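The structure appears below as structure tokens.
The values are calculated or read from the model by the stated rules, or taken from the named source; none is laboratory data. What you see is a predicted model; the values in this text were computed from it and never measured. Neighbour counts run over all protein chains shown; Cβ positions are idealised from the backbone, glycine included. Keep in mind that these areas ignore ligands, DNA and RNA; they rest on the heavy atoms of the full protein, side chains included. Shrake-Rupley method; radii C 1.70, N 1.55, O 1.52, S 1.80 Å.
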Amino acid sequence: MIIDLPDTTVSAISKKLVSVREEGGAVALGRVLTLIIVTHHGAEEEVIEAANDASREHPMRVIAVLFGDEDEEPRLDAQIRVGGDAGASEVVVLRAHGAAGSNAESLVTGLLLPDAPVVAWWPAEAPANPSRSAIGRIAQRRITDASSQADPAAWVAELGEHYAPGDTDFAWTRLTRWREQLAAVLDQPPYEPVTAIEVRGAADSPSTSLLAAWLGMKLDAPVDYAYLPADEWASGIKSVRLTRASGDTLLERPEAGVAILRQPGQPTHDLAFPRRTLRECLAEELRRLDPDLLYGRVITDGHDLLHAASEKSAS
């Protein structure tokens, strides 16, 4: 069910939500969190769909805040979606026109679920310092997506400068499958130290440097990472090579969605390695609402070690 509320107020939206629950039997008692999505007009449907899919694992209230041009006539339009149009969530779409969007915090405060955690998600353009933004200040977790920024590699490189506990980025979430596979490889004999690490990825892959930083920090070994030209590799991480005394272990994508694992003295393994969807990334981040301390260490200490090593080798 979709209910349109043109030219409305936050108070009227809140009252309508109560009315919908009382009249239609939709309840918020099972909602475990409030997800605030900050985006712009015309870009909302894909991310709302991802949130609806994730809500089947994490029932929640979704508040999508859409900002228009600042020179528009001030007006707040809203839409409430429940039932089949909202998955296992309640969706409130706020379209703020002109000066109506000047105070983002006031737009959502009256619509938050009481005594429930708040997660903020910027699927596209994001503030440089999410924890200090109007929406970020009221959220326990703050999710950005480096791949949606104008310069993904530069964005990732600067994440550590403004990091606050509770921050995370989908560039890190998309590494889960790589991290799991590489950890599984190193948990098997021979238990030899890694003496060198090589990571390759596409020019548009902000995850490449994060994976390199994590490996360098965890394995205490020199890391060589580089971005490949688009005609050589189009998108995402291409390969990871771990050098040990017995030989090299290579986890490499020959094409998108597939990876090949080669190890000394072992048969070659073909692995399914599809790019993770928005729904998968969002659902994973919502499984833990405490700060991801490992992510914080990677974008601060890990990146510092990576850049220091790069500067040393360059000199």
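Note down the accessible area of E49, probe 1.4 Å, to the nearest 10 Å².
My reading of the accessible area for E49 is about 110 Å².
Say a site is exposed when it is one of the trypsin sites (Lys or Arg not before Pro), sits in a DSSP loop, and has at most 10 other Cβ atoms within 10 Å; what is then the longest site-free stretch of the chain?
Longest gap between qualifying sites, sites excluded: 1-286.
Using θ = phi - 60° and the Karplus curve 6.51 cos²θ - 1.76 cosθ + 1.60, what whole-Hz ³J(HN,Hα) does each residue of segment 47-63 get, with Gly and Pro shown as x?
6, 5, 4, 4, 5, 4, 5, 5, 5, 5, 9, 10, x, 7, 9, 9, 10
Over all directions, how big on average is the projection of the convex hull of the alpha-carbon atoms in segment 1-144, in square nanometres?
Hull-based average projected area comes out at 7.9 nm².
Quick check: residue separation of A230 and T277 times 0.36 nm, minus the Cα distance between them. What number comes out in nm?
14.8 nm
Which stretch or stretches of segment 107-122 have amide N atoms under 18 Å from the point lying 7 Å from A164's Cα along the Cα→Cβ direction?
Under cut-off, by backbone N: 107-109, 117-122.
Roughly how many percent of the accessible protein surface of segment 155-275 is carbon and sulfur, given a 1.4 Å probe and a whole-percent answer?
Carbon with sulfur: 51 percent of the solvent-accessible area.
Can you give me the accessible area per residue for the chain, using a 1.4 Å probe, in Å²?
46 Å²
Once you have the Kirkwood Rh of the chain from its Cα pairs, apply Stokes-Einstein at 37 °C and 0.692 mPa s and quote D in µm²/s.
The estimated diffusion coefficient comes to 155 µm²/s.
Cα axis of helix 176-186 to longest principal axis of the chain: angle in degrees, 0 to 90, nearest 10?
For 176-186 against the chain, the angle is about 30 degrees.
Working from the alpha-carbon coordinates of segment 189-315, get Rg over Rh, Rh being the Kirkwood radius.
Here the Rg-to-Rh quotient is 0.98.
Which value in nm describes the separation of the simple spin-label points at D7 and Y191, placed 7 Å from the Cα toward the beta carbon?
7.3 nm
In degrees from 0 to 90, rounded to the nearest 10, what is the angle of the helix 207-219 Cα long axis to the longest principal axis of the chain?
Approximately 60 degrees, to the nearest ten.
Contour minus end-to-end for V18 and H307, with contour as 0.36 nm per residue of separation and end-to-end as the Cα-Cα distance?
Length gained, V18 through H307: 98.8 nm.
Express the relative contact order of the chain as a whole percentage, based on alpha carbon pairs under 8 Å and six or more residues apart in sequence.
Relative CO of the chain lands at 15 percent.
Tilt of helix 10-24 relative to the longest C-alpha principal axis of the chain, in degrees (0 to 90, nearest 10)?
90 degrees
Run the numbers on segment 185-264 and let me know its relative contact order in percent, using alpha-carbon pairs under 8 Å that are six or more apart.
Contact order relative to length: 32 percent.
I'd like the projected area of segment 96-178, averaged over all directions, using the convex hull of its alpha carbons. Report it in nm² with one decimal.
Directional mean of the projected Cα hull area for segment 96-178 stands at 6.7 nm².
When DSSP assigns beta bridges and you keep just the ones with both residues in the chain, what percent turn out antiparallel, to the nearest 5?
50 percent
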